[in-house]
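Scroll down for the structure; my scribbles are underneath it.
The values are calculated or read from the model by the stated rules, or taken from the named source; none is laboratory data. Being a predicted model, the structure only gives us computed values, none of them experimental. With ideal geometry, Cβ positions are generated from the backbone for all residues, glycine too; neighbour counts draw on all protein chains shown.
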Amino acid sequence: MASENSEVKILGAWASPFVMRPRIALHLKSVEYDFIEENLITKSELLLKSNPVHKKIPVLLHNDKPVCESNVIVQYIDEAFSSGSSIFPSDPYDRAIHRFWAAYIDDKWFPIMMAASRADTPEAKATAIDQLKEGLLLLEDAFIKLSNGKPFFGGDDVGFVDIAFGSYLGWVRASEQMGCTKLIDESTTPSLATWADNFCGHEAVKDVMPETDKLVEFALTMIPKFKEAAAAAAAAST
């Protein structure tokens, strides 16, 4: 069992939804940590050393031992720190269902959101948005079943699915502000709309949830730079 006084660091970037996940988990567990802001274009030696396989954030350093991949880190935090309530349900079947929906969010729903943001024709964008809304209806139903009338997917408190889905809310709202249609709408997904407000206002979340205006500014200034860096890397490899 990890000591509450052990050294914990997070390598990440403030705008990343994936970095939010371990930060929220640590807040839920009342674990103090150092946050090290990474430059996403010129990556630090510490990041490259800590995650030599993917070379990506987030990375958790626990007593200098690295743990990578956001959902893996959240599970590690839940198992390594006894403080606070469990992030996962106690029942094995319930845990499996929560992992299923977290995987759906990352493997199915989020790629469609990215496709909508990158669509180069109105038709492609409209198709992606329709698919996003279909996915949100599935998540509305999942929330009703998993929450059992309580505020979160995890019940009385934020749990694994809340963290997995809620980490995208900042970018959902930024996309809406940049011209995308309303996604989480009270008229079509009322339970998710209420949940989103509850999640963003949670003590473990509100200090790490980026402001919508700042995310919009980040998107408009940094995404072109990421594309330039990716193009330069591709050219260098040929």
> If we only count helices (runs of 4 or more DSSP H) wholly inside segment 2-83, which ones have 1 or more residues that are within 14 Å of the chain's Cα centre (by Cα)?
Replying inline: 17-28, 70-80
> at pLDDT 95 or above and either loosely packed, with under 11 Cβ neighbours inside 10 Å or among the hydrophobic types (A, V, I, L, M, F, W, C) (or both): does that describe A196?
Replying inline: yes
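Condition check ((1) closer than 17 Å to A96 by Cα; (2) part of a loop (DSSP other than H, G, I, E, B)) across all residues:
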site	(1), (2)
A124	no, no
A128	no, no
Q131	no, no
E134	no, no
L137	no, no
E140	no, no
F143	yes, no
K150	no, yes
D157	no, yes
> Has segment 164-177 got at least one residue that is over 16 Å from the mean Cα position of the chain (by Cα), more than 25 Å from S86 (Cβ to Cβ), modelled with pLDDT under 95 and not in a loop (DSSP other than H, G, I, E, B)?
Replying inline: yes
> Is segment 166-182 home to any residue that is surrounded by 14 or more Cβ atoms within 10 Å (Cβ to Cβ) and under 20 Å from D94 (Cβ atoms)?
Replying inline: yes
> Quick one: in segment 103-126, which of the residues that are of a type in the set (V, I, T) and either touching a strand residue (DSSP E or B) at 6+ places or on another chain (Cβ under 9 Å) or under 23 Å from L220 (Cα atoms) (or both) is modelled with the lowest pLDDT?
Replying inline: T121
> Does I10 satisfy being within 21 Å of M114 (Cβ to Cβ) and of a type in the set (V, I, T)?
Replying inline: no
